[in-house]
1. Out of all the residues in the range 117-135, which are modelled with pLDDT of 95 or more and near the ligand (Cβ under 8 Å from one of its atoms)?
2. Could you list all residues from the range 157-168 that are under 14 Å from Asp77 (Cβ atoms) and more than 10 Å from the ligand (Cβ to nearest atom)?
3. Residue under question is Gln109, and the condition is that it be without any contact (Cβ under 8 Å) to a residue 60 or more places away in the chain and more than 8 Å from the ligand (Cβ to nearest atom); does it hold?
4. Would you say Val158 is in a loop (DSSP other than H, G, I, E, B), at negative phi and at pLDDT 95 or above?
5. Considering only helices (runs of 4 or more DSSP H) fully contained in the range 78-155, which possess at least 3 residues that are out of contact with any Ser or Thr (no Cβ under 9 Å at 6 or more places or on another chain) and surrounded by fewer than 18 Cβ atoms within 10 Å (Cβ to Cβ)?
6. Just the residues that are closer than 21 Å to Pro100 by Cβ and either in contact with a Gly (Cβ under 6 Å, 6 or more places away or on another chain) or among the polar types (S, T, N, Q) (or both), please, taken from the range 133-166.
7. For the range 51-63, indicate whether the set of residues that are in a loop (DSSP other than H, G, I, E, B) and either among the small types (Gly, Ala, Ser) or modelled with pLDDT under 95 (or both) is non-empty.
Amino acid sequence: MANWSLREPRTHLFALTVLAVAGLLIAIVAGAVIALGVYNIGADAPHTRPVYALIEAVRERSIKVRASRISAPGNLDSPQRIASGAGLYAEMCSGCHLAPGMMPSELSQGLYPQAPELARHYHDDEAEAFWTIKHGVKMTAMPAWGRTHSDELIWDMVAFLRKLPTLSPDTYKTMTEAAPGGHDELMKEGNGMPGMTMPPKCSGAQ
Ligand code: HEC
């Protein structure tokens, strides 16, 4: 028994030293990888599998947890919402996310991660779509539209996204051409973000 009580603290000390040395080595290797510029940050060099899996897990959980506190309005089927969303989508989103009948754009082809084609692949969680549109996604090209657009306009876009996969190229064209007013008109109607004004250099000039 006497032996045990003497040896135990030593065993702990040894384990702690091994852990500290291992931690230090990992930190040195990680530091060297960063300092030597080993990781290629170029958008034309895909992530390695483990990095991709890690980013995907972080993004999925981050959005899910935050979107769980959001509930969609009951009127997403409203034709006015869908029509307003159609105009906004054609103007602000189709350059990256494309649309029925649209060829890949120069912008969409160069993106990494690629912007999903929302007409083919719209994942049906409205709160998650709302959160993603409002806040954007770091280190991808997906902008935070909530900086410049009210929640109501963002729900209009979600309302349109639900319809998008069912649209033929012709219907898409008709809907977006018939959309109420232009983007600027919608914003002027007081739908824009409260307190948002155009930067002085853009106002009225031209
Ligand atoms: C400059 C390019 C760009 C523009 C413009 C853009 N997006 Fe995105 N968007 C992206 C990228 C890239 C992703 C993928 C992000 C990722 O992989 O995490 C994305 C992701 C999304 C997602 C999540 C899709 C999913 O299945 O997880 C939604 C919804 C979305 N965008 C909606 C919109 C809407 C609505 C607009 C217009 C108001 C818009 N985006 C404009 C680049 C863009």
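1. Leu118, Glu128, Ala129, Thr132, Ile133
2. Once the filter is applied, which keeps residues that are under 14 Å from Asp77 (Cβ atoms) and more than 10 Å from the ligand (Cβ to nearest atom), the range 157-168 yields Ala159, Arg162, Lys163, Thr166.
3. Spelling it out, Gln109 is indeed without any contact (Cβ under 8 Å) to a residue 60 or more places away in the chain and more than 8 Å from the ligand (Cβ to nearest atom).
4. On the way: in a loop (DSSP other than H, G, I, E, B): no; at negative phi: yes; at pLDDT 95 or above: yes.
So Val158 does not fit the description; no.
5. Numbers: elements: 79-92, 94-97, 106-110, 126-135.
Answer list for the range 78-155: 79-92, 106-110.
6. Applying the first criterion (closer than 21 Å to Pro100 by Cβ) to the range 133-166 yields 133, 142, 156-166.
Across the range 133-166, the qualifying residues are Met142, Asp156, Met157, Ala159, Phe160, Thr166.
7. Of all residues in the range 51-63, those in a loop (DSSP other than H, G, I, E, B) come to none.
Among the residues of the range 51-63, not one is in a loop (DSSP other than H, G, I, E, B) and either among the small types (Gly, Ala, Ser) or modelled with pLDDT under 95 (or both), which makes the answer no.
The values are calculated or read from the model by the stated rules, or taken from the named source; none is laboratory data. Keep in mind that this is a model prediction, so the values were computed, not measured. Note that each Cβ is placed from the backbone with ideal geometry, even for glycine, and that neighbours are counted across all protein chains shown.
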